[in-house]
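So the structure is just underneath, and the comments pick up after that.
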Amino acid sequence: MIGDVDLFTHAIIQNQLENLDDQFDHLLTNGIPEDGRVYLGMLGFKIIVNYHGDVIRVEQPSAPIDGDD
């Protein structure tokens, strides 16, 4: 099926994009799953939260400077 259109994948992606608001509501209610948090940490994302749950700082990985080896 390489190069062919996969109708099931197309339908799943279209459904996910149409229900984007519901997904954000679900994410805010339940939080990011543990596997997702581990993966974001491996990529270099770091969010600093205080005792009250307020976000203090968001650290994102940066792109390498041109010319770095």
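The values are calculated or read from the model by the stated rules, or taken from the named source; none is laboratory data. Treat the numbers as computed from the prediction; the structure is a model and nothing was measured. Every residue, glycine among them, receives a Cβ derived from its backbone with ideal geometry; neighbour counts consider all protein chains shown.
Some values worked out for this structure:
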item	result
Filter result for I13 (under 14 Å from the mean Cα position of the chain (by Cα) and modelled with pLDDT under 90)	no
Counted residues, region 28-44 - those being in a helix (DSSP H, G or I) and either among the polar types (S, T, N, Q) or within 19 Å of Q60 (Cβ to Cβ) (or both)	10
Members of region 7-53 found to be small (G, A, S) and surrounded by 10 or more Cβ atoms within 10 Å (Cβ to Cβ), listed by number	A11, G31, G36, G41, G44
